[in-house]
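**Q** Can you keep this structure in mind? I'll have questions shortly.
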Amino acid sequence: MELLWAPWRMKYIEYARMERDEACFICRAVESQDPDRDLVLHRSGLTVVLMNKYPYNTGHLLVAPARHVPDLSALSREEICELGLMVRRSIEMLRRALSPDGFNIGINLGKVAGAGLEAHLHVHVVPRWLGDTNFMPVISNTKVIPEALNDTYMKLKKYADYLRKNDD
Ligand SMILES: [Zn+2]
């Protein structure tokens with residue numbers, strides 16, 4: 001059985017995307033005039049939470065600093081803190097919205113580690129369900145149906161208040 005968490009696959013997908021539009025898609029999400037089109041769920045000023053357009057699994061989110069920096073060492077203490085809080089809130093939101101059984105959380109630093117967009121640091125938050133390893137590798141190699149992605153976006157948007165709560 002193949003493993004679901006195979007970030008090296010994402011490299012090729014993201015390279016293909018970067019060739020199409022050279023601008024950084026995370027920066028575009030930060031500055032987006034059309035958050036729904038760009039699948040942006042939250043912008044806090046310091047961070048952005050958006051859906052991955054090429055997900056490993058339903059509800060695959062990217063949590064990133066708003067600044068275009070490649071590495072954790074480039075972040076201020078405040079940014080690190082906010083990033084961590086947004087990962088925590090994203091998990092909470094996904095739990096409420098999609099009831100996953102677990103999560104993969106990860107950062108790919110550098111091309112060799114599988115980062116497709118290595119210039120802009122981002123944390124992958126991937127919900128997991130019992131049994132999903134059997135079919136997800138197949139799905140991750142096929143085109144994602146845009147309607148399904150948009151359905152998930154609209155569903156998550158209803159729970160986006162979990163990203164905005166300020167009591168943590
Ligand atoms: Zn960027």
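Since every read-out is calculated from the coordinates, none of them should be taken as a lab result. Worth saying up front: this structure is predicted, and the values here are computed from it rather than measured. A quick note on method: Cβ atoms are made from the backbone with ideal geometry, for glycine too, and the neighbour counts reach across all protein chains shown.
Per-residue answers, yes or no, for (1) within 16 Å of the ligand (Cβ to nearest atom); (2) out of contact with any Leu (no Cβ under 8 Å at 6 or more places or on another chain); (3) among the charged types (D, E, K, R):
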{"position": "57", "(1), (2), (3)": "no, no, no"}
{"position": "91", "(1), (2), (3)": "no, yes, no"}
{"position": "101", "(1), (2), (3)": "no, no, yes"}
{"position": "107", "(1), (2), (3)": "yes, no, no"}
{"position": "113", "(1), (2), (3)": "no, yes, no"}
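**Q** Here is a further query. Quick check on residue 41: is it part of a strand (DSSP E or B), within 13 Å of the ligand (Cβ to nearest atom) and closer than 18 Å to residue 89 by Cα?
**A** Details: part of a strand (DSSP E or B): yes; within 13 Å of the ligand (Cβ to nearest atom): no; closer than 18 Å to residue 89 by Cα: yes.
Against the criterion (part of a strand (DSSP E or B), within 13 Å of the ligand (Cβ to nearest atom) and closer than 18 Å to residue 89 by Cα), residue 41 does not qualify.
**Q** Now a separate question. All but one of (1) surrounded by fewer than 15 Cβ atoms within 10 Å (Cβ to Cβ); (2) among the small types (Gly, Ala, Ser); (3) not in a loop (DSSP other than H, G, I, E, B) hold for residue 119; state the number of the condition that does not hold.
**A** Exception for residue 119: condition (3).
**Q** Moving to a separate point now. Keeping to region 60-85, report how many residues are within 16 Å of the ligand (Cβ to nearest atom) and either of a type in the set (A, V, I, L, M, F, W, C) or under 13 Å from the mean Cα position of the chain (by Cα) (or both). First the steps, then the outcome.
**A** Going residue by residue through region 60-85, those that are within 16 Å of the ligand (Cβ to nearest atom) are 62-72, 74-75, 79, 83.
When the remaining residues are screened for being either of a type in the set (A, V, I, L, M, F, W, C) or under 13 Å from the mean Cα position of the chain (by Cα) (or both), the result is 62-66, 69, 72, 74-75, 83.
Summing the residues that are within 16 Å of the ligand (Cβ to nearest atom) and either of a type in the set (A, V, I, L, M, F, W, C) or under 13 Å from the mean Cα position of the chain (by Cα) (or both) in region 60-85 gives 10.
**Q** Would you check which residues across region 100-116 are of a type in the set (D, E, K, R) and either in a loop (DSSP other than H, G, I, E, B) or in contact with a Ser or Thr (Cβ under 9 Å, 6 or more places away or on another chain) (or both) and list them?
**A** Matches in region 100-116: 101 only.
**Q** Could you tell me whether residue 36 is under 19 Å from residue 163 (Cα atoms) and in contact (Cβ under 8 Å) with a residue 12 or more places away in the chain? Outline the logic, then answer.
**A** Values: under 19 Å from residue 163 (Cα atoms): yes; in contact (Cβ under 8 Å) with a residue 12 or more places away in the chain: yes.
Yes; evaluated as a whole, the condition is true for this residue.
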